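A.B. asks: Supplied in structure tokens, the structure appears directly below.
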Amino acid sequence: MSRDLPIYGLLLPGVILLIIFHYLPLFGIVIAFQDFVPFKGVIASKWVGFRNFAYFLTDENFWLVMKNTLEINIMQIIFGFPVPILFALFLNELWSNRFKKTVQTISYLPHFISWVVAASIVTSILSPSTGIVNQFLKNVFGIQPIHFLAMPKYFRPIIIISSIWKEFGMNAVYYMAALSSIDLQLYEASRIDGAGKLRQTWHITLPGIKNITIVLLVLQVGSLVTIGFERIFLLYNPLVYEVGDVISTYTYRIGIEQARYSLTAAIGFTQSFVNFILVYLTNRLAKAFAGWALW
């Protein structure tokens with residue numbers, strides 16, 4: 001026990017920060033059941049029960065942003081989830097370690113760029129006056145400049161593609177780590193038995209990364225009703241509200257701009273509850289169909 005004290009000492013600052021910034025603020029959930037007034041505080045504010053929940057559950061605007069959030073996240077899973085897997089499989093087939101490391105490093109660099117910078121890059125690329133995309137369309141096909149970020153039919157694809165570009169490299173790192181743990185003797189035995197690359201991939205490689213795939217899928221499905229605030233807020237505008245306004249931007253407007261803190265707390269509490277249910281159900285389904293789960 002005494003020999004582990006230095007390790008516990010290293011863990012202590014992280015545990016303290018976790019308690020201060022994650023567990024103590026949970027007390028703030030109570031304002032979801034109040035008509036919270038900052039000057040009165042939590043103790044003196046009037047209790048209103050489930051009135052805040054009833055309000056947003058009957059609000060047409062809330063169901064619009066819920067629909068947008070779900071549609072964007074579902075498309076993100078459908079089109080974005082396979083990309084890091086395919087990229088990791090591609091890197092795994094490269095023979096040159098130097099080239100592999102170079103490609104991998106370049107691919108996950110966008111992950112460390114803030115969305116403020118990433119949104120500026122996307123805006124510059126799609127600019128109707130100086131953007132490279134519009135310049136290409138004009139010079140090659142003679143198409144007049146298109147205001148991509150101001151057109152609802154283009155906004156969601158832009159959000160999804162930019163999110164994939166920013167995160168696929170980092171997610172591929174997890175799959176590469178799983179691929180490196182696969183016993184190479186399995187590939188040698190399969191080649192002796194006459195298995196080609198496709199069969200090796202199907203029967204050895206994909207089962208070898210099954211566990212990490214399930215983990216990431218469970219976490220991503222568990223966030224279906226949550227979406228990153230920055231990437232939407234920095235790229236959208238009133239012209240694309242009908243397809244781009246999501247729960248996080250909706251709560252920002254009513255919480256920060258209108259100072260309706262109790263209502264936003266109620267929405268956040270509902271999001272967390274729904275996310276928990278989704279994680280639990282997805283985990284059970286993974287255990288039933290794949291034979292492995294997080295717990």
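A.B. asks: Would you list which aspartates and glutamates come within 14 Å of K166, measuring only between C-alpha atoms, while excluding same-chain residues fewer than 8 positions from it?
C.D. replies: E230
A.B. asks: Now a separate question. Provide the gained length on full extension for the span Y154 to L186, in nm with one decimal, where the gain is 0.36 nm per separating residue minus the Cα-Cα distance.
C.D. replies: Extra length available between Y154 and L186 comes to 7.0 nm.
A.B. asks: Taking a point 7 angstrom from the Cα of V42 along the C-beta vector, which residues in the stretch 6-26 have backbone N less than 18 Å away?
C.D. replies: Residues 17-26 qualify, since their backbone N sits under 18 Å from the label point.
A.B. asks: Could you tell me the ratio Rg/Rh of the stretch 76-129? Both radii from Cα atoms, Rh via Kirkwood.
C.D. replies: 1.09
A.B. asks: Work out the FRET efficiency for Y280 and T130 from their Cβ-Cβ distance, taking R0 = 51 Å, and round it to the nearest 0.05.
C.D. replies: 0.55
A.B. asks: Give the residues of the stretch 239-258 whose amide nitrogen is closer than 15 Å to a point set 7 Å from the Cα of E71 in the direction of its Cβ.
C.D. replies: 239-247
A.B. asks: Select from I160, I43, I247 the residue whose mean-square fluctuation is largest in a Gaussian network model of the chain (Cα-Cα springs shorter than 10 Å).
C.D. replies: Per the Cα network of the chain with a 10 Å cutoff, I43 tops the list.
A.B. asks: Can you tell me the alpha carbon radius of gyration of the stretch 239-281 divided by the globular rule-of-thumb value 2.2 N^0.38 Å?
C.D. replies: Normalised by 2.2 N^0.38 Å, the Cα Rg of the stretch 239-281 equals 1.35.
A.B. asks: Also: Which value in Å is the Kirkwood Rh of the stretch 164-295 over different Cα pairs?
C.D. replies: Kirkwood radius, the stretch 164-295: 18.2 Å.
A.B. asks: Moving to a separate point now. Over the chain, what per residue volume does the convex hull of the Cα atoms give, in whole Å³?
C.D. replies: Cα convex hull per residue, to the nearest whole number: 223 Å³.
A.B. asks: Of N97, N275, N61, which is the most mobile in a GNM of the chain whose springs link Cα atoms less than 10 angstrom apart?
C.D. replies: Looking only at N97, N275, N61, the largest GNM fluctuation is found for N97.
A.B. asks: Now, a different point. How long is the gain from V30 to V116 if the chain were fully straight, where each residue apart is worth 0.36 nm and the alpha carbon distance is subtracted?
C.D. replies: Separation in residues times 0.36 nm, less the Cα-Cα distance, equals 27.7 nm.
None of the figures in this text is laboratory data; all of them are computed from the coordinates on show. Bear in mind the structure is a predicted one, so any value in this text is a computation, not a measurement. Here Cβ is always computed from backbone atoms with ideal geometry, including for glycine, and neighbour counts include all displayed protein chains.
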